[in-house]
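Engineer: Before I ask anything, here is the structure I am working with.
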Amino acid sequence: MGWNLLMRRSPTPEYPLLALLLERPMHGYELHRVFSQDLGHIWHLSQSQLYASLARLEARGWVQGVETPTERGLLRRVFALTPRGRAEAEAWLQTPSRCSVQIIRLELPTRLYLLQQLAPQAIPNFLARQRAEIMRGLERLRAQCQTISPNQIYNRMACTLRIHQVEALLTWFDHTFSMSGGSS
């Protein structure tokens with residue numbers, strides 16, 4: 001189950017956790033601290049959710065946890081990416097979010113934060129690809145609306161609402177990234 005299969009689902013914190021591990025292996029408490037401190041206004045992740053996500057990532061073979069002793073002699077589980085996990089994290093990090101206000105709200109700032117940490121030179125190209133994805137999504141929505149019969153009032157209403165949301169997202173995107181010179 002790779003990034004291409006999972007990108008149709010609702011966003012989960014699993015890919016941001018993988019991408020955080022691109023920097024270095026971390027134990028669960030450290031991973032939770034970094035995630036909460038740097039991405040806490042985007043994602044709400046309890047420690048139990050973090051450990052459940054790490055268990056799923058380990059079951060997929062994307063991370064490996066190794067018990068290591070602390071200075072006080074206690075064991076601590078340190079998580080590192082496997083080669084498959086590294087490939088998944090790198091693919092996710094470079095892939096624009098699909099055209100959904102909810103998904104972009106969660107994933108865009110997360111990806112930009114991680115790209116700023118790991119590959120700031122990739123940000124301008126990533127932003128151009130993300131804008132193109134938003135434009136493609138907007139065109140798909142407009143085309144879908146054209147196929148809805150005028151007597152399907154509520155379906156047309158829902159479709160036009162989505163169009164207005166994506167248009168507002170595009171306006172925000174253009175304003176935000178023209179003001180920052182193309183980076184976060």
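The values are calculated or read from the model by the stated rules, or taken from the named source; none is laboratory data. Just so it is clear, the model here is predicted, and its values are computed rather than measured. Please note: Cβ atoms are built from the backbone with ideal geometry, for glycine as well, and neighbour counts cover all protein chains shown. Just so you know, the surface numbers come from the protein's heavy atoms only, side chains and all, with ligands and any DNA or RNA stripped out. Shrake-Rupley method; radii C 1.70, N 1.55, O 1.52, S 1.80 Å.
Engineer: Give the angle, between 0 and 90 degrees and rounded to the nearest 10, that separates the Cα long axis of helix 28-39 from the longest principal axis of the Cα atoms of the chain.
Structural biologist: 30
Engineer: Taking the mean number of other Cβ atoms within 10 Å as a proxy for protection, how do you rank 13-23, 61-71 from highest to lowest?
Structural biologist: Peptide ranking by packing, descending: 13-23, 61-71.
Engineer: I'd like to compare 142-148, 74-80: which one has the highest average count of other Cβ atoms within 10 Å, and what's the full order after that?
Structural biologist: Going by the mean number of other Cβ atoms within 10 Å, highest first, we get 74-80, 142-148.
Engineer: Once you have the alpha carbon radius of gyration of the chain, what is it after dividing by 2.2 N^0.38 Å, with N set to its residue count?
Structural biologist: Against the empirical 2.2 N^0.38 Å value, I get 1.20 for the chain.
Engineer: For the chain, give me every cysteine whose Cβ has no other Cys Cβ within less than 4.7 Å, ordered by residue number.
Structural biologist: Cys99
Engineer: Moving on. With axes computed from alpha carbons, what is the tilt in degrees of helix 101-118 against the longest principal axis of the chain, rounded to the nearest 10 within 0 to 90?
Structural biologist: For 101-118 against the chain, the angle is about 50 degrees.
Engineer: Give me the angle, in degrees from 0 to 90, between the Cα long axis of helix 83-94 and the longest principal axis of the Cα atoms of the chain, rounded to the nearest 10.
Structural biologist: Relative to the chain, helix 83-94 is tipped by roughly 30 degrees.
Engineer: Within the stretch 27-184, what whole-number % of the accessible surface is contributed by carbon and sulfur, with the 1.4 Å probe and all protein chains included in the calculation?
Structural biologist: Summing carbon and sulfur atoms, their accessible area is 56 percent of the total for the stretch 27-184.
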